[in-house]
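The structure appears below as structure tokens.
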Amino acid sequence: MDQIQAIQKRHSVRKYVGREIEEELQEKLRVEINTCNERSGLHIQLVTNEPDAFGGFMAHYGKFSQVTNYVALIGKSGPDLEEKIGYYGEQIVLKAQQLGLNTCWVAMTFSKRKSKCRVEKGEKLVCVLAIGYGKTQGIPHKSKPIESLCKADGELPGWFQSGMEAAMLAPTAINQQKFLISLLENGVKAESTGGFYSRVDLGIVKYHFEIGAGITNFNWV
Ligand SMILES: Cc1cc2nc3c(=O)[nH]c(=O)nc-3n(C[C@H](O)[C@H](O)[C@H](O)COP(=O)(O)O)c2cc1C
């Protein structure tokens, strides 16, 4: 499965079957997480066989069940933390999809306090990714029309169209899709149009756009 197929197949999954993630797959996830941490300076951690973070009222209210593995998305507080978390977190999400696992981004419906991860001084736990074998593969989200998510003069070049298709499949908090991608003379601009966790959303959307458009076809401005 390539990254485009992973983008097409990925949907949020909140109910899991309680099967352990095999050691070999855990190792592959850890390698991906280490690569992300080295590139970004983030402090992302995989937590396995830990039922407490998703064991309480919030998780059940949020319709999660049998979540015992998660990826804690942590980094040093700063102005670009949220966007970086979105960008690198989605890289891990798509890797998990390629390994046959399911995921869900979670900002609210888990217990930060009970999460078993190491948050050092000056760091922040922004979100987690629930991860494991889902009961189902999830369902496609409804999307806003492409015209309301991008801006360009004239006809869209093929690579930009493909980038937008990938961006429209990106997970966003409460499926808000509050972003705007503009084709300018000197490159592509992506901005958030506000909303809850929209800086994280922006990082996720930019990662999808790069895969869809092909990173060699454009530059961000
Ligand atoms: C930053 C972020 C935070 C999210 N937080 C939660 C959450 O707290 N609880 C939850 O059930 N889903 C959460 N989601 C999942 C979104 O609801 C989901 O991605 C969106 O509805 C689109 O559906 P899809 O992921 O299946 O494409 C979050 C998604 C993102 C990107």
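The values are calculated or read from the model by the stated rules, or taken from the named source; none is laboratory data. Note that this is a predicted model, so its numbers are computed, not measured. Neighbour counts run over all protein chains shown; Cβ positions are idealised from the backbone, glycine included.
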Quiz item: How many residues are small (Gly, Ala, Ser) and away from the ligand (no atom under 11 Å from the Cβ) when one looks only at region 1-25?
Solution: 2
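Could you list, in sequence order, all residues of region 194-221 that are surrounded by 14 or more Cβ atoms within 10 Å (Cβ to Cβ) and not in a helix (DSSP H, G or I)? Steps first, please.
Just the residues of region 194-221 that are surrounded by 14 or more Cβ atoms within 10 Å (Cβ to Cβ), to begin with: 195, 197-213, 217-218.
Once the filter is applied, which keeps residues that are surrounded by 14 or more Cβ atoms within 10 Å (Cβ to Cβ) and not in a helix (DSSP H, G or I), region 194-221 yields 195, 197, 218.
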Quiz item: Of (1) within 30 Å of residue 19 (Cβ to Cβ); (2) touching a strand residue (DSSP E or B) at 6+ places or on another chain (Cβ under 9 Å); (3) of a type outside the set (Phe, Trp, Tyr), residue 163 satisfies all except one. Which?
Solution: (1)
Self-check item: Residues of region 173-194 satisfying the condition of being more than 20 Å from residue 94 (Cα to Cα), at pLDDT 95 or above and of a type in the set (Gly, Ala, Ser)
Solution: 182, 187, 190, 192
Quiz item: Are any of the residues in region 192-208 out of contact with any helix residue (DSSP H, G or I) (no Cβ under 9 Å at 6 or more places or on another chain), near the ligand (Cβ under 9 Å from one of its atoms) and under 30 Å from residue 56 (Cβ atoms)?
Solution: no
Exercise. Given the conditions (1) within 16 Å of the ligand (Cβ to nearest atom); (2) farther than 16 Å from residue 128 by Cα, report the number of the one that residue 38 does not fulfil.
Key: (1)
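When you scan region 39-46, do you find a residue that is more than 16 Å from the chain's Cα centre (by Cα) and not β-branched (Val, Ile, Thr), even just one? Break it down into steps so the answer makes sense when it comes.
The first filter runs over region 39-46 and keeps only residues more than 16 Å from the chain's Cα centre (by Cα), leaving 39, 41.
Adding the requirement that they be not β-branched (Val, Ile, Thr) leaves 39, 41.
Scanning region 39-46 turns up at least one residue that is more than 16 Å from the chain's Cα centre (by Cα) and not β-branched (Val, Ile, Thr).
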Quiz item: Do we find that residue 170 is aliphatic (A, V, I, L, M), within 11 Å of the ligand (Cβ to nearest atom), modelled with pLDDT of 95 or more and not in a helix (DSSP H, G or I) in this structure?
Solution: yes
Quiz prompt | Conditions (1) without any contact (Cβ under 8 Å) to a residue 60 or more places away in the chain; (2) away from the ligand (no atom under 12 Å from the Cβ); (3) more than 24 Å from residue 215 (Cβ to Cβ): number failed by residue 66 | solution = (1)
Practice problem: Could you grab me the full set of residues in region 115-130 that are under 22 Å from residue 102 (Cβ atoms) and either within 16 Å of the ligand (Cβ to nearest atom) or surrounded by fewer than 19 Cβ atoms within 10 Å (Cβ to Cβ) (or both)? | Solution: 115, 116, 125, 126, 127, 128, 129, 130
